[in-house]
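Since the structure comes first, as structure tokens, the remarks are kept for the end.
The values are calculated or read from the model by the stated rules, or taken from the named source; none is laboratory data. The shown structure was predicted, so the numbers you read here are calculated from the model rather than taken from an experiment. Backbone-built Cβ (ideal geometry, glycine too); neighbour counts: all protein chains shown. Keep in mind that these areas ignore ligands, DNA and RNA; they rest on the heavy atoms of the full protein, side chains included. Shrake-Rupley method; radii C 1.70, N 1.55, O 1.52, S 1.80 Å.
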Amino acid sequence: MRMKTRLSCPCGAAISGSDEDDLVVKTQEHLSESHPGMEYSRDEILFIAY
């Protein structure tokens, strides 16, 4: 299975990481900064990532 390292937020932000762990951290940081109160688990983030 291919590693997922990119995600497009519905707000228009493009998030990319060096690997899945980095993508999850960066996505959670984006959520806390731009969308307070929205929290997604690692599995949820990777489900919508590509």
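Of all residues in the stretch 1-20, none are exposed (fewer than 11 other Cβ atoms within 10 Å of the Cβ) and either touching a residue at least 40 places away in the same chain (Cβ under 8 Å) or in a helix (DSSP H, G or I) (or both). Of the residues making up the stretch 35-46, just one is open to solvent by 60 Å² or more (accessible area, probe 1.4 Å) and either in contact with a Lys or Arg (Cβ under 9 Å, 6 or more places away or on another chain) or of a type in the set (G, A, S) (or both), namely G37.
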